[in-house]
Amino acid sequence: MAERSFKKEVEHLRLGAGETFQGEGILAVTKALLQSGVAYVGGYQGSPISHLMDVFADVDPLLKELGVHFVSSASEATAAAMLAASVNYPLRGAVAWKSVVGTNVASDALSNVASGGVTGGALIIVGEDYGEGSSIMQERTHAFAMKSQIWLLDPRPNLPSIVEMVEQGFALSEASNTPVMLELRVRACHVTGSFVAKDNKRPSLTVGQAAANPVRTLDRIVLPPANFLHEVEKIEQRWPAALRFIAEQRLNEHFGPEGDDIGIIVQGGLFNMLNRALELAGLSDDFGHARVPVYCLNVTYPLIPEEVSAFCAGKRAVLIVEEGQPEFIEHELNTLVRRADLQTRIVGKDVLPRAGEYTGQALLAGLIAFLRTWAPERAPSPPQPVVPDPEIVTEVPQRPAGFCTGCPERPIFSAMKLVQRELGDLHVSADIGCHLFSILPPFHIGNTTMGYGLGTAGASAFKPTAGPDGRRTVAMMGDGGFWHNGLTSGIGSAVFNQNDGVTIIVDNGYSAATGGQDILSSHADNATRRTKNPIEKALRGIGVTWARTLTRTYDVAKMRDTLKEALTASEGGPKVIVAQSECMLNKQRRMRPLLAKALKDGRRVVRERFGVDPDTCTGDHACIRLSGCPSLSIKANPDPLRQDPVTHIDNSCVGCGNCGEVAHAAILCPSFYKARIITNPSGWDRFKQRLRTAVISFLQHRHATALAARAF
């Protein structure tokens, strides 16, 4: 179950020529693909591309009507390898993934397709983002584009520009026989707007027709001596063809006046942020009418030497707005300006941040610094720094990322902490996914993370010593990472090398961390994909002999005992625990509409909540230290003779029961209770409630009478 459905929105993808399309950037990308006559699409989910994959899945019926083949790829490498279909056949294909990590995974296939070249247009849609909100290392796809000579588009983040760059990307690919990357940031994926639609096109050649009429072109296969000739072809034929196409089609844009002694060159994807900074500086308006010459690079690789020299000629200084590092474009601009024998000063990272996201505030500060040096008469006063209230700084702590309320992965690490109390600290090889939050308080579990599905591989260098002092390592892996590559690179390698470590595979029932997309082991029915393939069956098929599947991670005691058994078992070879429970966030998304409908229909609905009896709670707070659930807090002790605050469960509780399970697993705690909230109760429910109330009232009255008698 994807975290968001686009079933209503995808109906707009049927709009024809002249009609106005309105929606998000990711929907505009899909519409542009259909207007371009794409023959096949594929990819692997990951922010900010996850929703694009969800759109592909929801629009599958329309894709079938048009003869477009959609593949939900097992990994980014799988998606990139699909582009092989465009090598020998005039098939237009598009694939998508999260970059830069996805590009790294896909690098082998990308290098091969870039070397051999393509006949049909090949478009690679990569999602990139920088800054504190990003979940990956701060690297750029630009380096890969340069290395393999794949042309890189970075469109202005508005729907008409995005649609045009998708369509022109295919044309550029075919004109230069080179795959093309289209870079989209988070803002571009979710920007809303409109554009005038065109008719959707059936591919001139479908993948089925191509398979029925195979073509073999020997010099497109990357083998000696053809692989060397490919590099010569890149420089002598493909590169000049790309430069001609980009210049003739005017893919890069100019804004503002023609004549000036300063100017700005900006990546297309940053144009909106730059324009906002210019607006705040009094040098533009909401519609992009800049009063400074701006050269907008919708194609960031390759640069067009003639366009660069024409823009820089006669200017004393040009500011290059390039997000991320290293500053590839800035270096190339300096080279092109020197070759053109121009004395224009290229200003970039000396006034703008060397790394991180280029926010409006960062760009405004850099723009002001540039203007104060090269056009002081146009420089506004620098913005006054915001001085934070010292009381707020001291009173409000930072909020690190963490598990959601009710997350089924939380009890796994609670159990691990209990095991460490008994066996000592463990080396834990973490993995990409929500389980990575275990490195933060209150768990402090996790030593390294090396990549998606690489938890077990990350622990493969460790080998426990024999004897009582030996201690096995623990590796984490999600079900998405397991099917992505963990089955072979982690588990298969551990079986082959007889690694004696322990792996915990978190089975949420779908790829929870990337948005809830179905995978091979998903428990739900899927009309277009085959699901319900048990992970343990795959483990035993590859040679694992010690494997346990726990169907409820919230049973902390059982999780603790199973982990302890795995760590102390005399049997050699890898030990694998499959820990199953549905992602609580997606479960709530799935259940809320059903509960709302049931309430509307007047049907009986039962919700479970947990609470703490403040008169019984000892104030030990082991439940908080071993759980860290956001719904757990503290409040004043009602007993005037005790000072320690008691545990309190607030209204965000989802009734998972983890807090009580943890408390009982650590030490018997009688203060937790479970309450059932019944809406639209039945007659039997009402009778039981009246009976309970009567019995409790009787016992309370008897107790009060006894206390009164003792007083006399």
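The values are calculated or read from the model by the stated rules, or taken from the named source; none is laboratory data. This one's a predicted model, so the numbers in the text were calculated from it and none came from an experiment. Cβ coordinates were reconstructed from backbone atoms using ideal geometry, including for glycine residues, and neighbour counts include every protein chain displayed. Note: accessible area is taken over every heavy atom of the protein model, side chains too, but ligands, DNA and RNA are not part of it. Shrake-Rupley method; radii C 1.70, N 1.55, O 1.52, S 1.80 Å.
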Once fully extended, how much extra length lies between Asn533 and Lys201, figured as 0.36 nm per residue of separation less the alpha-carbon to alpha-carbon distance? 115.9 nm
Given a Förster radius of 25 Å and the C-beta distance between Ser111 and Arg216 as r, what FRET efficiency does 1/(1 + (r/R0)^6) yield to the nearest 0.05? 0.75
Lys7 - accessible surface, heavy atoms, 1.4 Å probe, Å² rounded to 10: 130
Rounded to the nearest 500, what is the 222 nm mean residue ellipticity of the chain from helices alone, with -39500 (n - 2.57) per DSSP H run of 4+ residues and division by all residues? -10500 deg cm²/dmol
Looking at the chain, send over the antiparallel percent of its DSSP beta bridges, to the nearest 5. 30
Relative to the longest principal axis of the C-alpha atoms of the chain, give the angle of the C-alpha long axis of helix 25-35, reported between 0 and 90° and rounded to the nearest 10°. 50
Computed over the chain: relative contact order in percent, which uses C-alpha pairs under 8 Å that are six or more apart: 10
Cβ-placed point charges (K, R +1; D, E -1), dipole of the stretch 92-194 about Cα centre in debye, nearest 20: 20
³J(HN,Hα) across the stretch 343-351 via Karplus (A = 6.51, B = -1.76, C = 1.60, θ = phi - 60°), whole Hz, x for Gly/Pro? 9, 5, 8, 8, 10, x, 5, 6, 10
Report the accessible area of Lys64, computed with a 1.4 Å probe over the heavy atoms of all protein chains in place, in Å² rounded to the nearest 10. 130
1/(1 + (r/R0)^6) with r = Cβ-Cβ of Val695 and Gln420, R0 = 35 Å, i.e. FRET efficiency to nearest 0.05, evaluates to 0.20
Length added when fully stretched, Met146-Met450, from 0.36 nm per residue minus Cα-Cα: 107.0 nm
Sorted by accessible area (1.4 Å probe), largest first, how do Leu440, Leu182 line up? Leu440, Leu182
Amide proton proximity set for Met181, modelled H, under 5 Å, gap of 5+: Ile124, Trp151, Leu152, Leu153
Just reorder Asp260, Asp60 by solvent-accessible area, largest first, 1.4 Å probe, all chains present. Asp260, Asp60
Note down the magnitude of the dipole of the chain about its Cα centre, charges +1 on Lys and Arg C-beta and -1 on Asp and Glu C-beta and zero elsewhere, to the nearest 20 debye. 2820
Global form of the stretch 142-187, assessed from the alpha-carbon gyration tensor, a/c cut-off 1.5: oblate
Burial-style ranking of 579-587, 151-159, 336-344, average other-beta-carbon count within 10 Å with highest first, yields 151-159, 579-587, 336-344
Using alpha carbon centers only, the stretch 482-557 is separated from the stretch 64-118 by a whole-angstrom value of 26
Gain in length, Ala355 to Met137, computed as 0.36 nm per residue apart minus the alpha-carbon separation, to one decimal in nm? 77.3 nm
Could you list, in their original order, any pairs among Lys8/Lys31; Lys31/Lys64; Lys31/Lys201; Lys7/Lys64; Lys537/Lys575; Lys147/Lys349 whose Cα atoms are separated by more than 19 Å? Lys147/Lys349
What do you reckon, how do Glu357, Glu236 stack up by accessible area (1.4 Å probe), largest on top? Glu236, Glu357
Under the Kirkwood approximation for Rh and a Cα-based Rg, what ratio Rg/Rh is obtained for the stretch 224-302? 1.20
If you compute Rg and Dmax of the Cα atoms in Å for the structure shown, which of (i) 30.1, 108; (ii) 27.6, 98; (iii) 27.8, 105 do you land on? (i)
Taking a temperature of 20 °C and a viscosity of 1.002 mPa s, what whole-number D in µm²/s does Stokes-Einstein yield for the stretch 496-618 with Rh from Kirkwood over alpha carbon pairs? 123
How many nm is it between the label spots at Gln249 and Glu377, if each spot is 7 Å from the Cα in line with the beta carbon? 4.2
Please list 602-610, 92-100 highest first by mean number of surrounding beta-carbon atoms within 10 Å per residue. 92-100, 602-610
For the stretch 1-122, shape from the Cα gyration tensor axes a ≥ b ≥ c, cut at a/c of 1.5 then a/b versus b/c, turns out oblate
